[in-house]
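First the structure, in the form of structure tokens, and then the observations on it.
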Amino acid sequence: MRLSTLKKFCDQFSADASGSMADLLADMRSGRAELTVPAYEKADFAPLLQALRGVLPSLSRIVREPVSVLRGELTLRRAETVSTLSPLGIRETLRDMRLWKVRGGALRPESVYAPENAEETDLYENRLVKALIDRALRFLRMGVRATRSGVRILRDMHLQSAALSKVDFVRLLGDRPDACAQSGATGGYREAVSLRKRFLRLRQTPFYRAMAKFPAFTDAEPRVTDIFIANKRYRDCLELWRFLNRFESELSGLSGEERRSAYTAYVAFSLAAAYEKRGFSLERNAFFRDMRQGFSLSGLVFGGEGFRIALDAAPGKIDLVVQCPQENVQQRLHIGVYANTADEPDPSDYLCATLFDIGYGDRFVCVSPENEDSQENMLAVARLTTFTMAGDAAVYRSVCPVCGSTLVVSEAYCTRCEECGAKYRTVGKERVWIHSFAPAAGGYEPLRVEGAR
């Protein structure tokens with residue numbers, strides 16, 4: 001179970017009293033420390049399935065008949081079509097002299113400000129319900145995997161395989177022979193699959209589609225409101241949210257903040273080890289603190305291949321500054337780190353490192369301590385941040401090196417392809433540094449005079 005392996009990882013490295021990244025990297029090179037932690041124990045998902053099954057009637061009723069509020073506003077309407085006016089509408093009509101015309105010797109308004117009420121579902125409680133549906137599906141996906149652990153499937157061998165074409169997927173797997181089926185699924189598998197189908201249907205409702213347009217629910221511990229107190233259906237959802245918080249903590253042995261801190265440490269250590277494997281050398285050591293509570297790592301610097309990389313980490317985020325001294329430019333990259341089922345990815349992240357399958361696409365990378373492929377994924381992230389290709393740099397000033405389009409535009413410090421959105425910059429005469437392969441926030445900027453920071 002991936003949550004318990006995170007605690008084992010945390011316990012392994014918390015014993016390091018020095019907190020020196022140089023010592024930690026040396027231990028990983030020698031094999032005295034490992035980032036991959038095997039998972040042996042089995043989690044009991046029966047209480048989770050029972051709780052999700054119990055709240056389904058309330059959830060189904062809410063998505064059909066959500067609580068909403070009437071929000072009044074004034075709209076301009078032809079005077080002859082309006083039967084009633086509000087005091088505010090009368091005042092606004094009197095104030096707007098553009099509406100008044102002389103008709104039949106009298107001054108009359110052609111249009112008036114009439115009251116109009118609209119139902120609004122963008123409530124705190126409805127945001128929780130929408131987030132609860134997403135969170136339940138993440139748990140159920142994890143439960144399906146756990147209860148069918150005896151049956152191997154190809155997609156388990158690469159966590160982001162759903163975002164790949166079948167040709168890319170098979171090519172990535174190569175000739176690995178360990179995808180054969182084994183014993184049957186364990187108890188609870190059928191129920192987990194059935195519940196997941198029912199929750200997936202909730203995502204197809206008008207309520208879910210409407211709530212998806214509003215800001216995401218971000219409170220790990222929801223506040224109690226009048227609607228939660230007075231409405232049993234909404235109160236059931238609140239109680240399920242609290243149950244999921246407890247279940248997640250019991251499953252992992254870590255609280256929500258501890259998981260975020262420990263998982264950020266795991267991603268930061270994996271990324272540092274990946275830069276070493278890529279041939280970068282440690283130019284400036286740094287010291288990490290408090291893996292369980294408020295993990296921090298600041299000022300770690302690697303150099304090599306014509307680049308310098310400064311890495312800072314804090315719970316939930318990793319910030320990179322990738323510098324190219326030869327071209328006197330740098331770029332800032334923000335990697336969001338998401339360790340809890342209640343987390344929602346920030347659309348401004350350059351990349352999202354996730355412990356759960358919270359999304360698919362170019363920005364998401366699923367990594368976890370018990371999955372052996374995770375270090376290969378982090379190696380790809382390290383390569384992505386300093387990705388260059390060889391070629392005549394002069395040619396790529398008019399041809400995109402990613403898609404071959406000639407619709408390229410010169411911008412400050414880089415060239416952007418208008419067709420695929422890639423951003424790149426030539427390095428010398430024989431290399432091209434590709435910052436992004438698709439439209440993304442951020443870009444190149446002048447190199448700071450203070451050096452690596």
Among the residues of the range 39-50 satisfying the criterion of being open to solvent by 30 Å² or more (accessible area, probe 1.4 Å) and of a type outside the set (Lys, Arg), which is modelled with the lowest pLDDT?
40
Going through the range 271-313 one residue at a time, which ones are in a helix (DSSP H, G or I) and either open to solvent by 10 Å² or more (accessible area, probe 1.4 Å) or among the basic types (Lys, Arg) (or both)?
273, 276, 277
Restrict the check to the range 183-193 and report whether at least one residue is at pLDDT below 90 and more than 20 Å from residue 141 (Cβ to Cβ).
yes
Residue 303 - would you say it is among the small types (Gly, Ala, Ser), modelled with pLDDT of 90 or more and over 14 Å from residue 269 (Cα atoms)?
yes
Can you tell me which residues in the range 314-325 are assigned to a strand (DSSP E or B) and either among the hydrophobic types (A, V, I, L, M, F, W, C) or in contact with a helix residue (DSSP H, G or I) (Cβ under 9 Å, 6 or more places away or on another chain) (or both)?
314, 317, 318, 320, 321, 322, 324
Go through the range 402-431 and give me each residue that's crowded, with 17+ Cβ neighbours inside 10 Å and more than 28 Å from the chain's Cα centre (by Cα).
408, 413, 426, 427, 431
For the range 241-265: of the residues being of a type in the set (A, V, I, L, M, F, W, C) and either closer than 24 Å to residue 288 by Cα or open to solvent by less than 10 Å² (accessible area, probe 1.4 Å) (or both), which is modelled with the lowest pLDDT?
254
Hits in the range 271-286 - residues which are small (Gly, Ala, Ser) and more than 26 Å from the chain's Cα centre (by Cα):
279, 281, 286
Residue 120 vs. criteria touching a Phe, Trp or Tyr at 6+ places or on another chain (Cβ under 7 Å), open to solvent by 40 Å² or more (accessible area, probe 1.4 Å) and modelled with pLDDT of 65 or more:
no
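Results for (1) surrounded by 21 or more Cβ atoms within 10 Å (Cβ to Cβ); (2) of a type in the set (A, V, I, L, M); (3) part of a helix (DSSP H, G or I), shown as yes or no for each residue.
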position	(1), (2), (3)
327	no, no, no
333	yes, yes, no
344	no, no, no
379	no, yes, yes
392	no, no, no
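The values are calculated or read from the model by the stated rules, or taken from the named source; none is laboratory data. The structure displayed is predicted, hence computed values, not measured ones. Counting neighbours? That spans all protein chains shown, and the Cβs are built from the backbone with ideal geometry, glycine included. Just so you know, the surface numbers come from the protein's heavy atoms only, side chains and all, with ligands and any DNA or RNA stripped out. Shrake-Rupley method; radii C 1.70, N 1.55, O 1.52, S 1.80 Å.
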